[in-house]
Number of protein chains: 4
Amino acid sequence: MNTIGKSFRITAWGESHGKALGAVVDGCPSNLPLTGEDIQKELNRRRPGYSLFSTPRKEGDKVEILSGIFEGKTTGTPISAIVYNTNQKSKDYSHLKNTPRPGHADLSYKLKYGNYDYRGGGRSSGRTTIGHTIGGAIAKKLLDYTHNIKIIGYTTKIGNIEGDFNYYNSIENNEKMINEELINKIENNPLRCPSSNADEMKDFVLNAMENKNSVGGVIELIALNVPVGVGNPIFGKLNGELSNAIMNINAVKGVEIGRGFESAELLGSEMNDEYYYDENNNIKLKTNNCGGVLGGISCGAPLVIRVAVKPTPSISAVQSTINIENKTTENLEIGGRHDPIIVPRVIPVLESMVAIALSDLMIRGGFIHPCKL
Amino acid sequence: MNTIGKSFRITAWGESHGKALGAVVDGCPSNLPLTGEDIQKELNRRRPGYSLFSTPRKEGDKVEILSGIFEGKTTGTPISAIVYNTNQKSKDYSHLKNTPRPGHADLSYKLKYGNYDYRGGGRSSGRTTIGHTIGGAIAKKLLDYTHNIKIIGYTTKIGNIEGDFNYYNSIENNEKMINEELINKIENNPLRCPSSNADEMKDFVLNAMENKNSVGGVIELIALNVPVGVGNPIFGKLNGELSNAIMNINAVKGVEIGRGFESAELLGSEMNDEYYYDENNNIKLKTNNCGGVLGGISCGAPLVIRVAVKPTPSISAVQSTINIENKTTENLEIGGRHDPIIVPRVIPVLESMVAIALSDLMIRGGFIHPCKL
Amino acid sequence: MNTIGKSFRITAWGESHGKALGAVVDGCPSNLPLTGEDIQKELNRRRPGYSLFSTPRKEGDKVEILSGIFEGKTTGTPISAIVYNTNQKSKDYSHLKNTPRPGHADLSYKLKYGNYDYRGGGRSSGRTTIGHTIGGAIAKKLLDYTHNIKIIGYTTKIGNIEGDFNYYNSIENNEKMINEELINKIENNPLRCPSSNADEMKDFVLNAMENKNSVGGVIELIALNVPVGVGNPIFGKLNGELSNAIMNINAVKGVEIGRGFESAELLGSEMNDEYYYDENNNIKLKTNNCGGVLGGISCGAPLVIRVAVKPTPSISAVQSTINIENKTTENLEIGGRHDPIIVPRVIPVLESMVAIALSDLMIRGGFIHPCKL
Amino acid sequence: MNTIGKSFRITAWGESHGKALGAVVDGCPSNLPLTGEDIQKELNRRRPGYSLFSTPRKEGDKVEILSGIFEGKTTGTPISAIVYNTNQKSKDYSHLKNTPRPGHADLSYKLKYGNYDYRGGGRSSGRTTIGHTIGGAIAKKLLDYTHNIKIIGYTTKIGNIEGDFNYYNSIENNEKMINEELINKIENNPLRCPSSNADEMKDFVLNAMENKNSVGGVIELIALNVPVGVGNPIFGKLNGELSNAIMNINAVKGVEIGRGFESAELLGSEMNDEYYYDENNNIKLKTNNCGGVLGGISCGAPLVIRVAVKPTPSISAVQSTINIENKTTENLEIGGRHDPIIVPRVIPVLESMVAIALSDLMIRGGFIHPCKL
C-alpha cells in the first residue's frame, strides 16, 4: 500500500536513512510539458532548512527524472523520479532500536513488521513525503495545464491562536482568491500564514521551541476552478478520496470539508447553499458552506478543506516509554534538534495530496483524457 | 464506484424509489455463523420510523439473503442480500425534475449523468445506506466473532449543545467502556445520546422541527479490542481508510481521530501518549490522544473517531433555487415531512462503515484469514 | 474476487441451488438505452435446454432488472439484475458431499473453504455464468451503441474434427465478416458451428453421449470495429485482460490471440503484418496474424481469439475418487443426465467475457465516457 | 497500468534508451533474506549477450537496491531497484520516427499516445522486462523460502521442431522433476532446451539467422509444491491471473494450462484426473491433465503451462510499411543486428511472471502472511 490512486497513481518508496527516496507516477497522460524544475520547485517548498522552524539536516533534495519524458513532454509511460539521500547520520538513532518514541510510529512498525529500519523513523519518517511531493508536483501541473485549477494551502491557526485570514472571512472568498499577492504573502511567512496576527503565532512557536516543546496548527486548503461533476457517488466520493489522501499524512488528526464541524451547529436553513444564475448564465451558489462538494460530487464552488495537524512528536523533553527488549519502562531523551512545528512544511505535501486525489478522480471521471492531452 | 474495500468488499445498489436495494458482500471468509436476523437487527436500527425524529415513510425494510450461506454459515462465496421497496410514492417528486434542492446532490447528479432518477433523491438518497448497513452487519459479526471487537456510536452534540458524555470525559474511558448498560442507554434515547443533558438536545430538535427547520450534530464512534498493527503505512493508513469510509456518508462534513482539531492546540508534551507495561506485561498507553492510531497503524488503544453531521438539507421552509430547464431562479417548497435530524439514524450506518473498513484492513493485514475461519 | 473490471465492473453472485443468481453492473455510463429484453436475449442463448446437447434442467432463467434504469435508459448507477432459481433439486447431490467429482472444482472448494455448498457444484457450477452473461449483455449493448463493435463466437473444432470455417480461411476475413447470414447459420446449428462439416461433429457428440462420455472443442471469437489504441502497455494489455477474462470460465484450458501457437512455427517474415494505406487513407494491415493486438494495444484489425474448451467433467461412466471423510478410495457414479458437451452453450458466455473486458478497457482508455453517453 | 498484483505488487518503469529502468516491489512481507545478488542472478539470465542468439548490445545490467532492505532482510516497505542504461545509441533509431516497424508496437503507441519515445521501441522494448525480472527474482525467493516452490521454464519447440522433453512425456513427471541436473542442462543450452534434439533446433535458428529472418517457439513452465487452494473462484482464478501475467509479455500469442488445446480432443473419461490417497494419506491425482488447476484453484498437482512465443519482429529483411507523416507506403530496412529468436531470453521473464502471480495470490489467499514472515 505504497500506491495511491486508480488511474493517476503514485507509488512512493524510500526511507529516511536509505540510499534514496522517490516515486513512480503512472497514468499521467502524454503531451504534458514537464521538467525536473517543475518538481524541484515543490520539493524546495518542503525541504528541511526551509525556514527557522525546520530541522537543520542538510539535504539538497535534488530530483532526477529517470523515465517517462521525451523531448520535454510526458509520453504516457511511468515517470520515475529519484532523490538521493546525502546527509543521513545513522549512528544517531541506534539507541531508539528498542525504545519506541511516544507519538511516533516506532512501536506500530516494530510490532507489525518485526524487522524495522528505525533510523530516523525509516519508512514512517516525514522525509518519505518526498515521494508524495513528486507526485503532487506533476498532478498540480496537470490540473493547471488542463483546467487552470489552482490549489493553495496556508496556516489558519497555530496552537490556540486563530488567524484572521481564512476562506470564510476573506474578501477574496471567490474564484479569484488565489493570486500572486496572496501566494507571496504565504510563501514569505515562516509559518506560511497570511493572517495579520501571524507574528503572534511565530512568537508562540519560538516560545515552545525554547521550552523544548512543539506545537500544532490548522491548515486551510483551497482548490479553484474544479469543474462540476468530479467525484463518484456512494464509495468514491470526492470528499472521501480527499480525506483519505490527506489523512495519509502522519501528523493529520482531522479533516473538514466546508463548514466542517461548524456545520453541526447550523440550522438547515443556514447550512443549505442556494443556487442562482450569474450574469453569464452560469450556475452559482450564494454561499459555499458545503465547501464545494454535494453528494460526494463537486458542485462548481471552490473546494474548502481544513486540516488539523498535531504538534511534532519529536520533542527534546524527557519522556517515559518502554524498552521492548527488556520489557521495562524507562526514560527517553530524543537527541538532536527537531522541527518545533511541522505545519508550514506539510502545506506543500497536503496541496500535493489534494492535487493527486483530484487528478485521479478527474481522469476517472472523463474530465482529463487518460492517455493523451 | 459502488464498491468499497479490497479484500472485504461491499457492492451496494438501488435507488430510493426503485424496485429494491441491496448489497453484495464479497470476501467474507467461510464458516462465520450468519443469519438474516443478524442483518435485520442492524437494518431496524436505521429504519424510517425508528423514532419521533424520523420520516414517517412506512418501510418494513425486510432483508432476504439470496446467496453465500449454507447450513447457517458463510461459504466464502458472495453474500447477496436484498430489501424490496414497498412504500415508494413517485408522483410526489415530479416537480423536482428541474429544480435542484439546495444542500442536496440533485444538481451534481443531474449535471454529471444527464439521465437522473430524481425520485426521492434516487441513488443519492439516504435510503441507499441500506446497502452499507447490510455490509456493516456482516462486518460487525465477523469482527466480534474473530476478535471480540465492539463498535459503538453515540451522539455527543446536537446543534451547539455539547453533551457531557464522551470518550475523553467518561469514567468508562477504558477497554470495558462498551457494555450492556451504555448500549441500552443509547438505544433507548431518541437521539442515541447517553449524555445527561440529552433532553435539552431533544427540545432543541423539536423546536427546529416546529419551525420547519433541521439540525445537525456530532457523533463519536469507539472501537474496542482492535489489535496492534491494523492499517498500512503510507497510503492505506487505518485513519485514511476510516475517514474515507465515513466521509462516504452524504451528511458528513468532518472527521477527527483522537483529539482531532483539539490536537492542534496541544503542545507536543501534552499530545504524546507515553507507553508502559501493565500488570500483565501488555503494552499500554497512559493516555489515548492519538485515538488508537499512530503512523497510520493501530496501536492497541481504542479507536476514537468524531464525526460532524450537517443538518438534514430537506427542510419545509421556502428556498431559492434555479430551474435548469428554463434557466431561471425560482422558489422551491419541498413538500411532505422530513427527518428534522439525521444524526441518530446515521449512527448505525457510521458504525457499519467503521466495521467495513476494519474488516477489510484486518483481512488484508493477516489478522483474519481471507478464506476460512 | 467475484468482481471483474476496474471502470466497468461486474460483481456476480449466486449458487447453482441457492435462491437466485445475479450480477451488479457498475460503471456503465448513463443514457444507454437498455431493457430487460436486451439481457434476456443473451440469457436465452446460454439457457439449459437450448439444444439437444444441453441438460434438461427446466429453468426459465427470467431476468429482472432491479436498479440503475430510469425511463428506459441507464442512469450511471449500478444495474442490479436477478434470476431466481425455480427448478433446483438439492436431494440429488447429497451423496457428493464427501466424494469430489474428478475434473470438477469440488475438492478445491472443499479444501479451500471448509464449508462448501456442494449442491450442483454450488458456486463452481456453470450456472453461475448467468451473472457473466448479464454483464456481457450490457457490455455488448454499450460497445455496439457507442462504436458499432460486433462480437461473435462459433465452434471451429469438436474433438479432433477441425471445421472448415474459421477466420483465417474464411472469404469473409474482413471487416464485414459478421453479418446476419453468418449469425443465423451459427445460431441455428446445435453446436453453433458454421462449418460445412458440422454434421460430422454432431454425430461425434451423439456417439460420445451414447457411450456416457463427453467431448470438448475449440471456439473462435471475433470482435469487429475495435478502434486503434485499446489496451494498456505493460501490465494491462488488451490480450492480457482478454485472456484473463476468458480463462475465468471453468472449462477453458487454452487461449490464443491471432495465429497463437501456430505463430511459433512461422518465420518473422511470415508472421509480421505489413501496413498500408487503403483507398480512404486509413491505415490497414495486409494480414492479421497478430489477431488485432500489437504490444498489448489494438491495432485496428479485427480481434481474433481461439479458446480451448475441455470435455464436460460430469460423465455418467463410473470413476474412481476419494472419500475425504473416510480417507478411502471409492467408485463414483454421478447420477442424472448431463451436457455431453459445453462448447455451444459457453459461446455466449465467452462473447460476454470479451465484451466485458473490452468495455472496461475502452472506458479506462478514454474511448467511452465513464459517466455519460 | 505499469503495476501488476494486488497484495504483492510490481510497478515497473523505464524505456529502452532512457536513463535507467527499474521496479518498485510493494507488499513483500518483512524478514525475507534478500540481497542484490538474488536479483542480479536472474537479470543475468535475461541479459543481452547471454548466448550466440542474443543482441550484442553491451549492457552489464547491474542492479542496485535503493530501499526496503535492512540488515539483509526485507522490512515490509517497498523495495526499489534500479538498472542504469549504459550503452544506448539513440541516433540509430531516428529513421523509425514515422515508419512503424511491422509486428512491433510502434504504431499502436504512436496513435495511442502521440508523443512516443521511439528509440529502441521505448517503453515497448523487450528491455522493459528488466522490471519484471526484478519483481520475479523477489517473488521466486519468497515462494521458495516460504513453501519450497520451484519454478522452471524450458523450450519445448522451435519453429516446427517439437522437442522430446516435456512434462507429459518426461520420466520426471512428478514432484521431483525440477532438479540440479535438469536445471544445468537447460541453462547450458543456448536455447534453454533440455530435449535430445536441441541441436536440430539450434541449426534451424542459425539458418534463419543467415537468411536475415527470425523464428519463434514454445516454452513450458512448471511450478512444483504449490499448495492446494491457491486462486480465487470466478474472477480471480489461478489460471486467469497466470494467463494475464504471461500474456503481458509482448511476444506471447498463446497460453495453455495442462493439456490445453489438446484437451479439446480428449473425451471426458480421458481428461478427468482421478483422485487417490498415496501411502502418506495425501490426496493425489493419478494424472495431471488439468495442469494443477481445477475450478480456478490449485489442486496440489504441479502447475503446467505452455506458452507460444512468436518470432522476433525485428528482421533485417526489407519490409513494406507506411510513413505516417507523409501518408505514403515505403520500404523499411531495420538496421543493426537483432536477436533471431527471443525464446531462450524470455524464459526467465516468464518464470518471473508466474512467480509474481503466484506470490500475489498466495498472499491474498492467506498462504503467506502479508506483513511479516
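The values are calculated or read from the model by the stated rules, or taken from the named source; none is laboratory data. Since this is a predicted model, take the numbers as computed values, not measurements. Reconstructed Cβ throughout: ideal geometry from the backbone, glycine too, with neighbour counts over all protein chains shown.
If we only count helices (runs of 4 or more DSSP H) wholly inside segment A:194-290, which ones have 3 or more residues that are out of contact with any His (no Cβ under 9 Å at 6 or more places or on another chain) and either of a type in the set (A, V, I, L, M) or over 22 Å from B:V255 (Cβ atoms) (or both)?
A:198-210, A:238-247
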Problem set entry | Subset of segment D:318-330 [loosely packed, with under 15 Cβ neighbours inside 10 Å and within 21 Å of C:L266 (Cβ to Cβ)] | D:V318, D:S320
Exercise. Taking C:I297, is it closer than 18 Å to D:G254 by Cα and within 20 Å of the chain's Cα centre (by Cα)?
Worked result: no
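Conditions (1) out of contact with any Asp or Glu (no Cβ under 6 Å at 6 or more places or on another chain); (2) in a strand (DSSP E or B), marked per residue:
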{"residue": "C:I305", "(1), (2)": "yes, yes"}
{"residue": "C:S314", "(1), (2)": "yes, no"}
{"residue": "C:S320", "(1), (2)": "no, yes"}
{"residue": "C:E330", "(1), (2)": "yes, yes"}
{"residue": "C:A357", "(1), (2)": "no, no"}
{"residue": "C:D360", "(1), (2)": "yes, no"}
Exercise. Quick one: how many residues across segment B:303-322 are at pLDDT below 95, touching a strand residue (DSSP E or B) at 6+ places or on another chain (Cβ under 9 Å) and more than 9 Å from every other protein chain (Cβ to nearest Cβ)?
Worked result: 1
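Residue by residue, here is whether (1) touching a helix residue (DSSP H, G or I) at 6+ places or on another chain (Cβ under 6 Å); (2) more than 30 Å from D:N280 (Cβ to Cβ) holds:
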{"residue": "C:F261", "(1), (2)": "no, yes"}
{"residue": "C:M271", "(1), (2)": "yes, yes"}
{"residue": "C:N280", "(1), (2)": "no, yes"}
{"residue": "C:L294", "(1), (2)": "yes, yes"}
{"residue": "C:S298", "(1), (2)": "yes, yes"}
{"residue": "C:I322", "(1), (2)": "no, no"}
{"residue": "C:T329", "(1), (2)": "no, no"}
Problem set entry | Subset of segment C:269-295 [buried (at least 24 other Cβ atoms within 10 Å of the Cβ), of a type in the set (G, A, S) and at the interface with another protein chain (Cβ under 7 Å from one of its Cβ atoms)] | C:G295
Exercise. If B:L266 passes every condition in (1) in contact (Cβ under 8 Å) with a residue 40 or more places away in the chain; (2) within 11 Å of another protein chain (Cβ to nearest Cβ); (3) over 29 Å from B:G131 (Cβ atoms); (4) surrounded by fewer than 24 Cβ atoms within 10 Å (Cβ to Cβ) but one, which one does it miss?
Worked result: (1)
For this session: Starting from segment D:117-140, take each residue that is closer than 15 Å to D:R47 by Cα and list its partners that are among the acidic types (D, E) and assigned to a helix (DSSP H, G or I), counting only C-beta distances under 7 angstrom and pairs at least six apart or across chains.
Result: D:T133/D:E42; D:G136/D:E42; D:G136/D:E351; D:A137/D:D38; D:A137/D:E42
Problem set entry | First in segment A:349-373 and under 19 Å from D:N2 (Cα atoms), second anywhere and part of a loop (DSSP other than H, G, I, E, B) and β-branched (V, I, T), Cβ under 7 Å, 6 or more apart | A:L361/A:V230
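Here's the yes/no breakdown for (1) within 14 Å of chain D (Cβ to nearest Cβ); (2) closer than 30 Å to B:G122 by Cβ:
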position: C:I79; (1), (2): no, yes
position: C:S94; (1), (2): no, no
position: C:R101; (1), (2): yes, no
position: C:S108; (1), (2): yes, no
Problem set entry | Extreme residue, surrounded by the most Cβ atoms within 10 Å (Cβ to Cβ), among residues of segment D:96-119 that are polar (S, T, N, Q) and assigned to a loop (DSSP other than H, G, I, E, B) | D:T99
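Rundown of residues vs (1) more than 14 Å from the chain's Cα centre (by Cα); (2) under 17 Å from D:S80 (Cβ atoms); (3) hydrophobic (A, V, I, L, M, F, W, C); (4) within 14 Å of chain D (Cβ to nearest Cβ), yes/no style:
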position: A:G114; (1), (2), (3), (4): yes, no, no, yes
position: A:Y118; (1), (2), (3), (4): yes, no, no, yes
position: A:I130; (1), (2), (3), (4): no, yes, yes, yes
position: A:G135; (1), (2), (3), (4): no, yes, no, yes
position: A:L143; (1), (2), (3), (4): yes, no, yes, no
position: A:T146; (1), (2), (3), (4): yes, no, no, no
position: A:I152; (1), (2), (3), (4): no, no, yes, no
Exercise. When you go through B:N207, B:N225 one by one, which is the residue that is more than 8 Å from chain A (Cβ to nearest Cβ), surrounded by fewer than 24 Cβ atoms within 10 Å (Cβ to Cβ), over 30 Å from A:S316 (Cβ atoms) and free of Cβ contacts under 8 Å to residues at least 12 places away in the same chain?
Worked result: B:N207
Seminar exercise, completed: Within segment D:323-359, of all residues that are of a type in the set (D, E) and modelled with pLDDT under 95, the one nearest to D:T155 (Cα to Cα) is D:D339
Seminar exercise, completed: Scanning segment D:155-173 for residues that are more than 14 Å from chain C (Cβ to nearest Cβ) and either within 19 Å of D:S214 (Cα to Cα) or free of Cβ contacts under 8 Å to residues at least 60 places away in the same chain (or both) gives D:D164, D:F165, D:N169, D:S170, D:I171, D:E172
